[in-house]
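The structure appears below as structure tokens.
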DNA sequence: CAGGATCCCCAAAGATACTG
DNA sequence: CAGTATCTTTGGGGATCCTG
């Protein structure tokens, strides 16, 4: 194999055999991640939380067009992925704070590399 | 603002106003890109093409489980995004070669940063 | 060999209304 | 304030057959 392992780094976390047995949807964790973050609200939510923690209605107001249901689902998904931490303050009325976990914060850096590429190459993914 | 612009780099290519008017699906080019690459076959296709150019049936055989229709659609999408270049050799029977464009090749590097994060944090995005 | 055309299915997105 | 419940719609994904 003449040791050419620097040109195309691992991307699917497998040695990429001759035949790639993409088991199911998330056979590759990166594909799974992209599928998750590729929905309508995940990235903007992550970015806002990257600025500072937010309460539910703060996010709801800052992200124009998102419904309560979609915001809830997005936050729950990010939470179950370990990207976002949810803190409930048992006050009346209830108050919930969302913040990035260390994992989530760590993700923003590689994400910004992709963002830079997108800006440079104008990958509009139009339509 | 005490010049703290290195902690959370731009990710949505906007200044992130108080209220983010996520126009539509691809209000943010990065979200659009993730949405595109988050489908079932785009990433594995990109990675294989990152190794070397492939012909259609080569890809069809190496990516287990993909149908002709899905492979065609995936390649067409990647092509219209400027990530993949399609070369038709007017032989009989016809032969078509797919290769990464320079943009596509340039994308693999930031992508691998995300992949590294996914591997480190095991973001399985399970279920 | 490399696809285009057609039909079907189901998971996920979204709107709206209601509640602890 | 911060959600859940219910319903409807959308479109990604796949199977199959046909063709330049």
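The values are calculated or read from the model by the stated rules, or taken from the named source; none is laboratory data. Because the structure is a prediction, the values reported are computed rather than measured. All Cβ positions, glycine included, derive from the backbone under ideal geometry; neighbour counts span all protein chains shown.
Counting the residues of segment B:106-127 that are more than 17 Å from residue B:50 (Cα to Cα) and surrounded by 19 or more Cβ atoms within 10 Å (Cβ to Cβ) gives 5.
Here's the yes/no breakdown for (1) within 30 Å of residue B:76 (Cβ to Cβ); (2) without any contact (Cβ under 8 Å) to a residue 12 or more places away in the chain:
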{"site": "A:57", "(1), (2)": "no, yes"}
{"site": "A:69", "(1), (2)": "no, yes"}
{"site": "A:75", "(1), (2)": "no, no"}
{"site": "A:81", "(1), (2)": "no, no"}
{"site": "A:94", "(1), (2)": "no, yes"}
{"site": "A:110", "(1), (2)": "yes, yes"}
{"site": "A:114", "(1), (2)": "yes, yes"}
{"site": "A:118", "(1), (2)": "yes, yes"}
{"site": "A:121", "(1), (2)": "yes, yes"}
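Among the residues that make up segment A:23-32, is at least one of them in a loop (DSSP other than H, G, I, E, B), more than 7 Å from chain B (Cβ to nearest Cβ), more than 30 Å from residue A:69 (Cβ to Cβ) and modelled with pLDDT under 90? The answer is yes; a qualifying residue exists. For segment B:74-109, filtering for residues that are part of a loop (DSSP other than H, G, I, E, B) and within 11 Å of the chain's Cα centre (by Cα) leaves 3. Would you say residue A:100 is more than 14 Å from DNA strand C (Cβ to nearest atom) and facing chain B (nearest Cβ under 8 Å)? When the stated conditions are applied, residue A:100 does not pass them. Could you tell me whether any residue of segment A:103-113 is away from chain B (no Cβ under 12 Å) and farther than 21 Å from residue B:20 by Cβ? Within segment A:103-113, none of the residues are away from chain B (no Cβ under 12 Å) and farther than 21 Å from residue B:20 by Cβ.
Candidates are the residues of segment A:74-105 that are surrounded by 13 or more Cβ atoms within 10 Å (Cβ to Cβ) and more than 23 Å from residue B:117 (Cβ to Cβ); the one that is farthest from DNA strand D (Cβ to nearest atom) is A:97. In segment B:47-56 there is no residue matching the filter, namely being at pLDDT 90 or above, closer than 24 Å to residue A:37 by Cα, away from chain A (no Cβ under 11 Å) and away from DNA strand D (no atom under 12 Å from the Cβ). Scanning segment B:29-73 for residues that are within 16 Å of the chain's Cα centre (by Cα) and away from DNA strand C (no atom under 15 Å from the Cβ) yields B:29, B:30, B:33, B:42, B:43, B:44, B:46, B:47, B:50, B:51.
Taken across segment A:63-71, residues that are away from DNA strand D (no atom under 12 Å from the Cβ) and at negative phi do occur, with at least one present. Please give the number of the condition residue A:74 fails out of (1) at the interface with another protein chain (Cβ under 10 Å from one of its Cβ atoms); (2) modelled with pLDDT of 95 or more. If we test residue A:74 against (1) at the interface with another protein chain (Cβ under 10 Å from one of its Cβ atoms); (2) modelled with pLDDT of 95 or more, just (1) comes out false.
Mind listing whichever residues of segment B:40-73 are in a loop (DSSP other than H, G, I, E, B) and in contact with a helix residue (DSSP H, G or I) (Cβ under 8 Å, 6 or more places away or on another chain)? Step through it out loud before you land on a result.
Within segment B:40-73, the subset in a loop (DSSP other than H, G, I, E, B) is B:40-41, B:52-53, B:64-67.
Answer for segment B:40-73, where residues must be in a loop (DSSP other than H, G, I, E, B) and in contact with a helix residue (DSSP H, G or I) (Cβ under 8 Å, 6 or more places away or on another chain): B:40, B:41, B:66.
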